[in-house]
Amino acid sequence: MAGRRRYRRRNTRGSFAFIYRLMIFVVICGAIAAALALFFKVDQVEVSGNDRYSTEEIVEASGVTVGENLFFLNKYEAAARITQELPYVESVKIGRRLPNTLYIQVEECERALAVEHKGELWLMCYNGKIADTAPVEDRENYTVLTGLTLQEPTIGQMVTTDAGQENQLEALLPLLQQLHQKSMLQDLQEIHLEESAYITLRYLNRFDVQLLRSADFDYKLEYLKAVVERLEDNEKGIIDLTQEGKASFIPK
């Protein structure tokens, strides 16, 4: 009997200790939350990477206001609002710099690809987002994309294609990603998707480059740059990169 009473007392003391520790934890968490709400507020917003859009336009699109709590604002919603409101913005990174600064780093469309559709050019960024429209007469200002039929294009939305062209789009987007990462989009005049097995790039306005749709684009584009470096500045022609482990140059 005495042993049972001692067990109950120990169990009771243990329960009170757990409740006490839990209360302390809750109080500490509440104090931290109160400090965050009271002291860490947005006093300034820094924007970088913007060229087409002003700092004011980006901040307004984000929906972030001065005085808003730095920790409680939703960075992902703010980034989504920017990319939705500003079509030429391809990606957004938002971070905090204590005690009171929010920074927004944007990446704008490097070089739009132009796809002709119903008498005008629809401009697409490397990630597949429709950014704008332009007159057909302005096609020389863009990288022209052929062999892809757009389906109800909408500015600010991702590109969609006609039925049966999903494979073209699936091959195109990884290629564009690699071209963007290697800063090669500016050197492209045309991309042709008409062939079922390979993609043709008009590169440096001198070369027609052939790549298999299933190629390792990272490796092949590095190979392309190495091949071009070995050619003379006045040489033009076809660079065939469809064969494994080698390239063929056919002069014109």
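The values are calculated or read from the model by the stated rules, or taken from the named source; none is laboratory data. Worth saying up front: this structure is predicted, and the values here are computed from it rather than measured. Please note: Cβ atoms are built from the backbone with ideal geometry, for glycine as well, and neighbour counts cover all protein chains shown. Remember, those area values only see protein heavy atoms, side chains included, never the ligands or the DNA or RNA. Shrake-Rupley method; radii C 1.70, N 1.55, O 1.52, S 1.80 Å.
Assorted remarks:
- Under the Karplus curve 6.51 cos²θ - 1.76 cosθ + 1.60, θ = phi - 60°, whole-Hz ³J(HN,Hα) for the stretch 104-121, x wherever Gly or Pro sits: 10, 10, 10, 10, 8, 4, 5, 8, 6, 8, 9, 10, 6, 8, 6, x, 9, 8
- Restraint check, Lys118/Lys236; Lys225/Lys246; Lys129/Lys246; Lys129/Lys220, Cα-Cα greater than 23 Å: Lys118/Lys236; Lys129/Lys246; Lys129/Lys220
- Protein accessible area in the stretch 94-219, 1.4 Å probe - carbon and sulfur %: 43
- Residue-count net charge about Val228 - beta-carbon cut-off 14 Å; Lys, Arg +1, Asp, Glu -1: -1
- Farthest toward positive dipole pole in the stretch 112-191 [+1 Lys/Arg, -1 Asp/Glu at C-beta], among Leu175, Thr149, His117: Leu175
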